[in-house]
Amino acid sequence: MTPASHAPVCRILLRFVAAFACALVLDGAAAAELVPSSGAQAPPLALRDLAGRDIRLADFRGRTVIVNFWATWCAPCVKEMPSLQRLRDRLAGDGLTVIAVNYQENAARIQPFLDRMRLDLTVVRDHDGSVRDAWDVNVFPTTFVVNPNQRISLVAVGEIDWDDAQVEARIRELGGRPRTVAERR
Amino acid sequence: MDRRTFVTAAATLPFATALSPLALAQARTFTPRPGDWRTFEVVTRLDVANPTGATQAWVPVPAVDANWQKSTPGTWSGNMQQAELVTDPVYGAKMVHVTWAEAEKAPWIEVTSRIQSRDRALDWSRKSSPAADPAELALALKPTALMPTDGIVRETASKIVAGKTTDVERVRALYDWVVVNTYREPKVRGCGVGDIKGMLETGNMGGKCADLNALFVALCRSSGVPARDLYGIRVAKSAFGYRELGAGSPDITKAQHCRAEVFLTEYGWVAMDPADVAKVMRQEAPEWLKDPKHELVAPVNAGLFGAWEGNWMAYNVAHDVALPGSRGAKLGFFMYPQAESRGERIDSLDPDTFKYKITSREVPA
């Protein structure tokens, strides 16, 4: 599956402008919903985390992976991240991995943010925006739920309450293998 | 000062100080006129913070020579392994490409460029048949990755220019449409992304110069009028008192600004800047001025259709720029210093963590 054939999945997405997503929240509009996707193959994702380690989506085949596109300047992204981490903590032993893809910010900006927010999510840097292009993301936050077969099962454009019981149930349904020893490190 | 002048000033001053800012705005003018050349020296200093491996950088330098700007790309110094002046093969953008040794823990370079600049204004009453470079005009009609000219862009342009019979009328209609239908969004990072298709599809018409002027340019191109964005940086204050249309201090690190040009057969390349009209509407006064006929906006709205001030330095007109020596994605446009460490791009919109600083000073004649 090429990024181009994946594109229709996300063509409904809105423009990449944080202000728009911010406006949704500030205006009191309903939070985003997890909606079913067409089941397209997930585009490639191979980036480095803040420690310089290579993180590849393909290495997590067999687990459910939440791929969350975010930036520190995006208020709805910042708002949902603590609940995303709590979901990761609850389901890590039940087959869930979370990869938070930061859009083009410097580690010197990201790490203090994570420290301040007390977040220890796996954060990778989309340093040149090419992964955002491949995944056709136009709004932050946008989150893809990739099933153990590396197909996109669910997508959310905008902020999600990851503590919501129904959200958790839909992700649990996807299942996933336990973490390997290496993945626990 | 003669007696008549003194009486006028004395009578006016106490009254003027009591006027509201909006009332004072009624006295504003914005009439750039080609005059004396001014010389500016622009220094770009990069200190790549926390390099993680082999590091390289690309510093844009002015590459535009016209009857309103003369460019000298400049000189540089630093602790680099190698530095060279490189020219983009498609658009002619110039940059200093610098590489540092992997062991270098504190890479830095300082690039000094000079331009001569002056106001630019078109006399609409004087038609001529200026020479045109066919290749240049062809490039100014082509779509780019972020500026498609088909689909919703063409549909939008067609509606706007319906019934217009000359290129001047079409450009006027497109300029007015951008001023009325878009707005300056201060929250957008940098000068914006320039994703004009996204703007039209979502109806979210807020942005900055790289969005609004790119939209104008793409609408012109899809209407068959050659047009181009010029990416640059403000180097001095506005001579007409508009705070938002100039650099507020010698530190111009965040003063990047892009303008536009259209090619009109009877006039040649003509200055345009609807994005700066939008900036005045949104930011010049304490309140958002939504009427382009407002006394503060009207002079700028009229002036920037065919003229601009020489308080700005153009770097280039480039799109889809492949940085030499980089395996990273192409740049939609090239207006900010770029760097990579261990093959990863550093956020060019974050000068504080990058780090870089750009300063400007006028060199006395």
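The values are calculated or read from the model by the stated rules, or taken from the named source; none is laboratory data. As the structure is a prediction and not an experimental result, all values here were calculated from the model. Note that each Cβ is placed from the backbone with ideal geometry, even for glycine, and that neighbours are counted across all protein chains shown. These accessible areas exclude ligands, DNA and RNA; they are computed on the full protein's heavy atoms, side chains included. Shrake-Rupley method; radii C 1.70, N 1.55, O 1.52, S 1.80 Å.
What accessible area per residue, rounded to a whole number of Å², is obtained for chain B using a probe radius of 1.4 Å? Accessible area per residue: 43 Å². Dipole magnitude for the protein assembly as shown: about 160 debye, using +1 per Lys or Arg Cβ and -1 per Asp or Glu Cβ, origin at the Cα centre. Which of rounded, prolate, oblate describes segment B:275-365, given a ≥ b ≥ c as roots of the alpha-carbon gyration tensor eigenvalues and a/c under 1.5 marking rounded, otherwise prolate only if a/b is larger than b/c? Prolate shape, in that a/c is at least 1.5 and a/b is the bigger ratio. With θ taken as phi - 60° and the Karplus curve 6.51 cos²θ - 1.76 cosθ + 1.60 applied, the whole-hertz 3J(HN,Hα) list for segment A:72-89 is 5, 8, 9, 4, x, 4, 4, 5, 8, 5, x, 6, 5, 5, 5, 4, 4, 5 Hz, x standing for glycine and proline. With each label modelled as a point 7 angstrom along the Cα→C-beta vector, the B:K70-B:E136 pair spans 1.7 nm.
Other residues whose C-beta falls under 10 angstrom from the C-beta of A:T64 contribute a net charge of +1, scoring Lys and Arg +1 and Asp and Glu -1.
Shielding value for A:104-114 is 5, the average number of Cβ atoms from other chains within 10 Å of each residue's Cβ.
Summed over qualifying helices (DSSP H, 4 residues or more, each -39500 (n - 2.57)) and divided by its residue number, chain B shows a 222 nm mean residue ellipticity of -7000 deg cm²/dmol.
Overall dimensions of the protein assembly as shown, expressed as equivalent-ellipsoid semi-axes from the Cα gyration tensor (√(5λ), whole Å, largest first), are 44, 27, 24. Distance between the 7 Å Cα→Cβ label points at A:D161 and A:D133: 3.8 nm.
Karplus-derived 3J(HN,Hα) values for segment A:106-115, using 6.51 cos²θ - 1.76 cosθ + 1.60 with θ = phi - 60°, are 7, 4, 5, 8, 6, 4, x, 4, 4, 4 Hz; glycine and proline are entered as x. For B:V235, the residues whose modelled amide H falls within less than 5 Å of its own, excluding neighbours fewer than 5 places apart on the same chain, are B:A247, B:W312, B:M313. Stretching A:A169 away from A:T122 to a fully extended chain increases their span by 14.7 nm, per 0.36 nm per residue minus the current alpha-carbon distance. Here B:K290 is the anchor, and the lysines within straight C-alpha reach of less than 26 Å, apart from those fewer than 8 places off in the same chain, are B:K159, B:K164, B:K187, B:K197, B:K208, B:K237, B:K254, B:K279.
Looking at the square roots a ≥ b ≥ c of the eigenvalues of the Cα gyration tensor of segment B:93-194, which shape do they give, rounded for a/c under 1.5, prolate if a/b is larger than b/c, or oblate? Because a/c hits 1.5 or more and a/b exceeds b/c, segment B:93-194 counts as prolate. Taking amide H atoms as placed 1.01 Å from N in the peptide plane, the amide H of A:V146 lies under 5 Å from those of A:V65, A:I66, A:V67, A:S153, each 5 or more residues away in sequence or on another chain. Measuring nothing but how far apart in sequence close Cα pairs (under 8 Å, 6+ apart) lie, relative to its length, chain B scores a relative contact order of 25 percent. Karplus-derived 3J(HN,Hα) values for segment B:130-135, using 6.51 cos²θ - 1.76 cosθ + 1.60 with θ = phi - 60°, are x, 5, 10, 8, x, 5 Hz; glycine and proline are entered as x. Peptide B:341-349 has a mean shielding of 6, counted as Cβ atoms of other protein chains within 10 Å of each residue's Cβ.
FRET efficiency for the pair B:K254 and B:Q81, taken as 1/(1 + (r/R0)^6) with r the Cβ-Cβ distance and R0 = 22 Å, rounds to 0.15.
Site pair A:D54 and B:E266 shows an inter-label distance of 6.3 nm when each label is modelled 7 Å from Cα along Cα→Cβ. Close amide-amide hydrogen proximity is noted between B:Y183 and B:G206, B:G207, each under 5 Å apart and 5 or more residues distant or on a separate chain (H modeled in the peptide plane; Pro and chain starts excluded).
Each peptide in B:315-326, B:128-139, B:100-111 receives the mean, over its residues, of other Cβ atoms within 10 Å, and ordering these scores from highest gives B:315-326, B:100-111, B:128-139. Using alpha carbons only, how many angstrom separate the centre of segment B:96-110 from the centre of segment B:137-202? If we compute the Cα centre of each part, the gap is 39 Å. Our compactness index for chain B, the C-alpha radius of gyration over the empirical 2.2 N^0.38 Å, is 1.03. The equivalent ellipsoid that matches the C-alpha gyration tensor of segment B:324-365 spans semi-axes of 26, 13, 9 angstrom, in descending order. Relative to the Cα centre, the charge distribution of chain B, modelled as +1 at Lys and Arg Cβ and -1 at Asp and Glu Cβ, gives a dipole magnitude of about 600 debye. Partner shielding of A:130-138 amounts to 2, given as the average count of beta-carbon atoms from other chains within 10 Å of each residue beta-carbon.
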